[in-house]
Amino acid sequence: MDHLGKGEQAARRRLQRMVRDKGTSLAALSRLIGRNDAYLQQFVTRGSPRHLDEADEKTIAEFLGSASALFETRRWDESKSASSPSFAAPPLRSDDDWIDVPRFPLDASAGPGAFGAQEISYDAIRFSPRWMREMGLEGADLSAIRVEGDSMEPVLRSGDEILVDRSKRSAEGIHVVRVGDALHVKQVQLAGPGRVKLVSANEDYAPIDLALDEVEIIGRVVWKGGRI
């Protein structure tokens, strides 16, 4: 295992913990991805193979109910075209003590709507794995962005930092959404067949009724932080 970097070793330890917490085994997961029973055991204990196939990581993550970024050992997004921007973050970098959640230079508007320019992570906020578990965020696919505007006050205030779980995009709740090129943070409510309503916490702002195909739900807001 000496040939592995610290991050690669930490990813393997996290996978072991996640498998144990799920009440399954590495052998069972190996069979799930069509490999021999010892495949993942060798990956974890011997570092062979050094990296899992992307498709195998996705299958394992889906079974465990987690983000594959928690046990990825390389960055798959490096091979993707830079001409196809998305809100996806680079894999979370973690060790036994910290998990890095990437920050984006985007403002989710709690007002008329902010325009997303460059969707490239420029920084990270570090959280302890224990805090993530206690907050119910272990396995979440998180990004951090800042709120601008007052339409979600007093729930969210301008300048608050929010964590957005991109794996949660179907249920009602406070979400970051994209309408055209503009990002909003709003309460999302179903408004009838094929329609959604974007609702502000501040009653001075009227609800916005849209067809479902006019809205891209980026992810649910699962945590906030800000100055007092």
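The values are calculated or read from the model by the stated rules, or taken from the named source; none is laboratory data. Values in this document were obtained by computation on a predicted structure and should not be read as measured data. FYI the Cβ positions are ideal-geometry reconstructions off the backbone, even for glycines, and counts take in every protein chain you see. For the accessible areas, the whole protein counts, side chains as well, though only heavy atoms, and no ligand, DNA or RNA atoms are used. Shrake-Rupley method; radii C 1.70, N 1.55, O 1.52, S 1.80 Å.
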_Summed side-chain charge close to Glu203 - residues other than Glu203 whose Cβ falls under 12 Å, Lys, Arg +1, Asp, Glu -1_ = -3
*Evaluate the Debye formula for the range 154-222 with equal point scatterers sitting on the alpha carbons, no solvent, and hand back log10 of I(q)/I(0) at q = 0.14, 0.16, 0.17, 0.25 Å⁻¹, in q order, two decimals.*
-0.39, -0.51, -0.58, -1.24
*Ile208: accessible area at probe 1.4 Å, nearest 10 Å²?*
60
*With a 1.4 Å probe and every protein chain left in place, tell me how much accessible area Val215 has, in Å² to the nearest 10.*
20
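Of Lys58/Lys168; Lys22/Lys224; Lys22/Lys186; Lys58/Lys197; Lys58/Lys224, which ones are farther than 22 Å apart at the Cα?
Details: Lys58/Lys168 16 Å; Lys22/Lys224 28 Å; Lys22/Lys186 33 Å; Lys58/Lys197 32 Å; Lys58/Lys224 28 Å.
In this structure, Lys22/Lys224; Lys22/Lys186; Lys58/Lys197; Lys58/Lys224 lie more than 22 Å apart at Cα.
Could you sort Arg12, Arg35, Arg169 by their accessible area in this structure, using a 1.4 Å probe and putting the largest first?
Numbers: Arg12 5, Arg35 80, Arg169 135 Å².
Sorted descending by solvent-accessible area, the residues read Arg169, Arg35, Arg12.
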*Residue-level accessible surface for Asp56, protein heavy atoms, 1.4 Å, Å²*: 20
